[in-house]
1. Here is a check on your reading of the model: is V36 modelled with pLDDT of 95 or more and in a helix (DSSP H, G or I)?
2. Considering only region 51-71, state which residues are touching a residue at least 12 places away in the same chain (Cβ under 8 Å) and either under 12 Å from V11 (Cα atoms) or out of contact with any Lys or Arg (no Cβ under 8 Å at 6 or more places or on another chain) (or both).
3. Keeping to region 109-128, report how many residues are more than 24 Å from D149 (Cβ to Cβ) and surrounded by 12 or more Cβ atoms within 10 Å (Cβ to Cβ).
4. Suppose we filter region 53-83 for residues that are of a type in the set (D, E) and in a helix (DSSP H, G or I); how many remain?
5. Give the residue that is nearest to S76 (Cα to Cα), with candidates limited to residues of region 1-38 that are of a type in the set (D, E) and free of Cβ contacts under 8 Å to residues at least 40 places away in the same chain.
6. Which numbered condition trips up L34, out of (1) more than 30 Å from L101 (Cα to Cα); (2) within 17 Å of the chain's Cα centre (by Cα)?
7. Please go through region 129-152 and give me each residue that is β-branched (V, I, T) and exposed (fewer than 11 other Cβ atoms within 10 Å of the Cβ), ordered by number.
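The values are calculated or read from the model by the stated rules, or taken from the named source; none is laboratory data. The shown structure was predicted, so the numbers you read here are calculated from the model rather than taken from an experiment. Because the Cβ atoms are built from the backbone with ideal geometry, glycine has one as well, and the counts that use them run over all protein chains shown.
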Amino acid sequence: MKMPDRLTRLVEPVVVGMDYELVGVEFDSHQRTLRVYIDCERGIQVDDCSKVSHQLSGLLDVEDPIPGNYNLEVSSPGLDRPLFTLANFERFKGALVRIQLIGPIDGRRRFKARLQGVEGNRVLLQDGDSQFDIPFESIDRARIVPEFDNIKPKGSGDGE
């Protein structure tokens, strides 16, 4: 789900004006839910989400950008952070990502691969020996895949 431009332009000044970063906006038409992802250097707490939600609710009631009833969710991007912009893809170069395309490229719509960065309007992926060059406009949704390499299970012989 690409970041809806109109909704982004509407909510971004409010979020940025409250000293948060707008990570992205998505609208799930099936669940009738508008999700607004925010972040800041110190991290996001429930109170942060509540404050932003309160401010956005007033704005959305006045502007009425989505016909009918819907739910507003404001949250941190989490460990499986969604990627919405080319800048996001460049920022998280080296991360393992899961990408779903709008339509198939070379017979595939889903990729789980290492993000190599951005070249122009294309997202570069590495999956083992295979490299993929994905047009940004072909991406339906993308998320970072959390990696927990340094976590050892209890009783793994490390003295615990």
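1. Answer is no for this residue.
2. Passing the criteria: K51, V52, S53, Q55, L56, S57, L59, L60, E63, P65, I66.
3. 3
4. Of the residues in region 53-83, 2 are of a type in the set (D, E) and in a helix (DSSP H, G or I).
5. E21
6. The number of the failed condition is (1).
7. Selection gives I151 alone.
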